[in-house]
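Bear in mind that the values in this text are calculations on the coordinates, not laboratory data. On a predicted model such as this, the values are computed, not experimentally measured, just so you know. Quick reminder, even Gly has a Cβ in these numbers, built from the backbone with ideal geometry, and neighbours come from all protein chains shown.
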């Protein structure tokens, strides 16, 4: 059996990520970690969930293994499978098994995108058992105290087909994320991009305008992530209107009428 080692440069966060708490999420995560409780992050796309996980991994000094979930993700993708290597059949751990073996934080991003029969594999890890059945090996991995399971999803994209089952979500301590307040969001944009505060405040104002269109032509408004992208373009010499069009408007919608409407909003500010 091959249990792939974790390389520090690959999974350990070497430098402190920039993150500003908006509530008591850091304290709650740390308490959950100390008590071996899994954590669920829920909130809109681009509001800082992944950055929060990087910050907590750095703070707790644990390696972070992130899995971006998708429709084709299978249980074998998470747990592991036999592969033919050098003419021999070898077992290779998946990311979830590697995290359990090495006491890492395993972060399953957008868990509802995975197939429901795949998410069931995390249930024994997310309750008092804290075990991972390795059916193909006839083995059961027991998670040590340093292992942590975290998942995330965007409630705004919930549907009958893509929802988190109660049998899954009720195993987790939940942390709700949202876009920061205007003053904090502007400060984040300044720190991440290097633009001046006045421009950052205008970008945040524009984002808030687009967020009011959620459900009225837009599935989501401009995220903090998109604001940072826009600010970096502006800092590099791109005009604010062009930066907003490329990094925000075109990223939010393909609908011609909505593109005109969103571009008009940016033109009113810049």
_Overall form of the range 100-200 per C-alpha gyration tensor (a/c, 1.5; a/b vs b/c)_ = prolate
*Only helical DSSP H runs with n ≥ 4 go in: add -39500 (n - 2.57) per run for the chain, normalise by residue count and round the 222 nm mean residue ellipticity to 500 deg cm²/dmol.*
-11000 deg cm²/dmol
_Separation of the residue 84 and residue 129 label points, Cα + 7 Å toward Cβ, nm_ = 3.4 nm
*What's the FRET efficiency of residue 269 with residue 10 using the Cβ-Cβ distance as r and R₀ = 45 Å, to the nearest 0.05?*
0.60
*asked:* Can you give me the angle between helix 256-269 and the longest principal axis of the chain, using Cα atoms only, in degrees from 0 to 90, rounded to the nearest 10?
replied: 60 degrees
*How many percent of DSSP beta bridges within the range 86-245 run antiparallel, rounded to 5?*
45 percent
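Figure the gain on full extension for residue 235 and residue 115 (residue separation times 0.36 nm, minus the Cα-Cα span) and round it to one decimal in nm. Let's see the in-between values first.
On the way: separation 120, 0.36 × 120 = 43.20 nm, distance 4.10 nm.
Full extension of this stretch gives 39.1 nm more.
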*What is the gain in length, in nm to one decimal, between residue 26 and residue 211 on full extension, counting 0.36 nm per residue of separation less the C-alpha to C-alpha distance?*
64.0 nm
*Within 10 Å, count the other beta carbons around each residue, average over each peptide in 172-180, 104-112, and list them highest first.*
104-112, 172-180
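Quick check on the chain: of the DSSP beta bridges with both residues there, what percent are antiparallel, nearest 5%? List each step's numbers first, then the result.
Values: 10 of 29 bridges.
Restricted to the chain, the bridges split so that about 35 percent are antiparallel.
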*asked:* Checking the a/c ratio against 1.5 first, then a/b against b/c, what shape does the Cα gyration tensor give for the range 65-147?
replied: oblate
*Quick one: grab Rg to one decimal and Dmax as a whole number for the range 182-269, Cα atoms only, in Å.*
11.8, 34
*asked:* Sequence gap at least 6, Cα distance under 8 Å: using those rules, report the relative contact order of the range 8-176 to the nearest whole percent.
replied: 30 percent
